[in-house]
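K.L.:
The structure that follows is given in the form of structure tokens.
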């Protein structure tokens, strides 16, 4: 069963009836006006406190905690959140001997549309070049499977247009 927090109006009505019941209906008009102001002030305070308490309870459970709450729970249990890292894939692309693939050359994953960049300058030999590409976006979306293809974004003279994934560094 869920926990329902009363609205400010419901709290106001409860407090007003409690105050009037304790003092009686024979109180003068000024006292009745004061009771209404006091009930409104109490209702506003308590509504805020109830909502704050409900939020704090929610943050104590990993199933209902927000991002900040999860970070606190993890730090309390000595399991801090790992920062997102980018996927790294090794690809092979056909190229004539001596073709140079400069650092930062861009490829696009045919499966996911994400961009990957070459991490180091590579010179092709034996009719192919093996490149280590890092996804420009962090997270597991950049993971590819062996056999997936990437297209080169700007053609390099002497190279083919598609590279095939030969090894992966899964996140």
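K.L.:
What tally of residues in the range 58-93 results from selecting those that are in a loop (DSSP other than H, G, I, E, B) and within 30 Å of residue 130 (Cα to Cα)? I'd like the intermediate steps shown before the answer.
P.N.:
To start, the set of residues in the range 58-93 that are in a loop (DSSP other than H, G, I, E, B) comprises 60-66, 77-85.
Keeping just the survivors that are within 30 Å of residue 130 (Cα to Cα) gives 82-85.
Within the range 58-93, residues that are in a loop (DSSP other than H, G, I, E, B) and within 30 Å of residue 130 (Cα to Cα) number 4.
K.L.:
What number of residues in the range 35-71 are within 17 Å of the chain's Cα centre (by Cα) and either within 30 Å of residue 15 (Cα to Cα) or surrounded by 13 or more Cβ atoms within 10 Å (Cβ to Cβ) (or both)? Lay out the reasoning, then the answer.
P.N.:
From the range 35-71, those within 17 Å of the chain's Cα centre (by Cα) are 59, 62-71; that's our starting set.
Cutting the leftovers down to either within 30 Å of residue 15 (Cα to Cα) or surrounded by 13 or more Cβ atoms within 10 Å (Cβ to Cβ) (or both) gives us 59, 65, 69-71.
Looking only at that region, the number is 5.
K.L.:
In the list 91, 108, 103, which residue meets the criterion of being closer than 30 Å to residue 145 by Cβ and in contact (Cβ under 8 Å) with a residue 60 or more places away in the chain? Please lay out each step first, then the result.
P.N.:
Details: 108 fails: in contact (Cβ under 8 Å) with a residue 60 or more places away in the chain; 103 fails: in contact (Cβ under 8 Å) with a residue 60 or more places away in the chain.
None of the other options fit; the residue is 91.
K.L.:
For the range 98-136, enumerate the residues that are part of a strand (DSSP E or B) and exposed (fewer than 12 other Cβ atoms within 10 Å of the Cβ).
P.N.:
Selection gives 123 alone.
K.L.:
Let me spell it out: the conditions are (1) surrounded by fewer than 11 Cβ atoms within 10 Å (Cβ to Cβ); (2) at pLDDT 90 or above, and residue 80 meets all of them except one. Which number is the exception?
P.N.:
(2)
K.L.:
While we're looking at this one, here's another question. Can you tell me which residue within the range 147-160, out of those that are without any contact (Cβ under 8 Å) to a residue 60 or more places away in the chain, assigned to a loop (DSSP other than H, G, I, E, B) and in contact with a strand residue (DSSP E or B) (Cβ under 9 Å, 6 or more places away or on another chain), is surrounded by the most Cβ atoms within 10 Å (Cβ to Cβ)?
P.N.:
Looking at residues that are without any contact (Cβ under 8 Å) to a residue 60 or more places away in the chain, assigned to a loop (DSSP other than H, G, I, E, B) and in contact with a strand residue (DSSP E or B) (Cβ under 9 Å, 6 or more places away or on another chain), I get 148.
K.L.:
Follow-up. Counting only residues that are at pLDDT below 85 and surrounded by 14 or more Cβ atoms within 10 Å (Cβ to Cβ), how many does the range 6-26 have?
P.N.:
Matching residues across the range 6-26 total 2.
K.L.:
Scan the range 137-146 for residues that are within 19 Å of residue 85 (Cα to Cα) and part of a loop (DSSP other than H, G, I, E, B) and report the count.
P.N.:
Residues of the range 137-146 that are within 19 Å of residue 85 (Cα to Cα), as a first pass: 137-145.
Remaining after also requiring part of a loop (DSSP other than H, G, I, E, B): 139, 143-145.
Qualifying residue count for the region: 4.
The values are calculated or read from the model by the stated rules, or taken from the named source; none is laboratory data. Quick caveat, the model's predicted, so the values are computed rather than measured. Note that each Cβ is placed from the backbone with ideal geometry, even for glycine, and that neighbours are counted across all protein chains shown.
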